[in-house]
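Read through the structure below, which is laid out as structure tokens, and then see the notes.
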Amino acid sequence: MSKDVRSLKPPWGLRLGRGQWAALGVLMGMALAYFLAPWSLVDKLRAVGYGVCAQRPAHSYFLGGVQLPLEARMVGIYGGFVVSWLYFLAIDRGRAANLPRAKYLALAVAFIGIMGFDGLNATAYDNGLPFLYSPDNRVRLASGLLAGLSMAMFLLPILNFSLWRDPELRPVVEDMRQVLGVLAAEAALGLGVVSGWSWLYYPIGFLSSGGVLVVVAIVNLVVVQNLSRKRGQTIWEALVPVTLALVLASLELAGLGAFRAWAQAVAGIDAL
């Protein structure tokens, strides 16, 4: 069993401080508020990404006839990030605090460049400008998945260096087998998205919408940790800053969603 999995289980006799108990209470309250809110689960999943994704049907995949909560590219980015993180945890790289080796770092930059190029091509197409090829949701999804992997390769080492008192000073990726392994995991997610199978709607919906919250929370957590300069060794010691980051991320996403709703209702902007 990896160090990361062991650290999730507190030893017998562990005494949590008041701040940690309060953090657990806040997390439970947030979960209850989310699941007990009087809207359908589909609407709740859409609400998470409402402020960061236009959610256009023509740019989205449908599973069982129901539109996924994020557009194809963003399903790739945020779902791909979570899948990459889970893969790195599974291969015992969950606390790696060094960026990938140079050639894999260059590969990550290239992946982001591919997504950027596809986005620019699609923008040119939408605005009647010269373009190289017609936009396609399969390309949007694939380029998003590559960008999600790259984001994990950059962001996770920064998170680990900021969060843990004794991070593992080794690259999150250091050989081609690991790259091929995480690409296979990303491909599995991509196949699930394009399958159209209804039973995959909620797993993929939670993975992608949850990825939005996770990525925003990680950015907040890095900021909180660098301001406080307090490091932990186990997830229980990191519980308070993690909870604070999740609360901040939830408020920020709610604020972005409210701004989009205002822009559509008052300013007459159809999509952001």
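FYI, it's all coordinate maths here, none of it is from the lab. For clarity, every value in this text was computed on a predicted model and none was experimentally measured. Neighbour counts run over all protein chains shown; Cβ positions are idealised from the backbone, glycine included.
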Practice problem: Could you grab me the full set of residues in the stretch 165-187 that are closer than 27 Å to R231 by Cβ and either surrounded by fewer than 18 Cβ atoms within 10 Å (Cβ to Cβ) or touching a strand residue (DSSP E or B) at 6+ places or on another chain (Cβ under 6 Å) (or both)? | Solution: R165, D166, P167, E168, L169, R170, P171, V172, E174
Practice problem: Working only within the stretch 121-136, note down all residues that are among the polar types (S, T, N, Q) and crowded, with 18+ Cβ neighbours inside 10 Å. | Solution: N121
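Would you confirm, using the coordinates I've provided, whether A108 is surrounded by 20 or more Cβ atoms within 10 Å (Cβ to Cβ), in contact with a Phe, Trp or Tyr (Cβ under 8 Å, 6 or more places away or on another chain) and assigned to a helix (DSSP H, G or I)?
Working: surrounded by 20 or more Cβ atoms within 10 Å (Cβ to Cβ): yes; in contact with a Phe, Trp or Tyr (Cβ under 8 Å, 6 or more places away or on another chain): yes; assigned to a helix (DSSP H, G or I): yes.
Here the answer is yes, as A108 does meet what is asked.
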Exercise. Give the residue that is surrounded by the fewest Cβ atoms within 10 Å (Cβ to Cβ), with candidates limited to residues of the stretch 82-96 that are assigned to a helix (DSSP H, G or I) and not aliphatic (A, V, I, L, M).
Key: Y87
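Answer yes or no: is there a residue in the stretch 256-272 that is in contact with a Ser or Thr (Cβ under 9 Å, 6 or more places away or on another chain) and touching a residue at least 12 places away in the same chain (Cβ under 8 Å).
As a first pass, look at the stretch 256-272 and keep what is in contact with a Ser or Thr (Cβ under 9 Å, 6 or more places away or on another chain): none.
No, the stretch 256-272 contains no residue that is in contact with a Ser or Thr (Cβ under 9 Å, 6 or more places away or on another chain) and touching a residue at least 12 places away in the same chain (Cβ under 8 Å).
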Quiz item: Between a first residue in the stretch 224-240 that is in a helix (DSSP H, G or I) and a second residue that is among the polar types (S, T, N, Q), which pairs have beta carbons less than 9 Å apart while being 6 or more apart in sequence or on different chains?
Solution: V224/S162; Q225/S162; N226/S162; L239/Q20; V240/Q20
Exercise. Mind listing whichever residues of the stretch 104-136 are hydroxyl-bearing (S, T, Y) and closer than 21 Å to E71 by Cβ?
Key: T123, Y125, Y133, S134
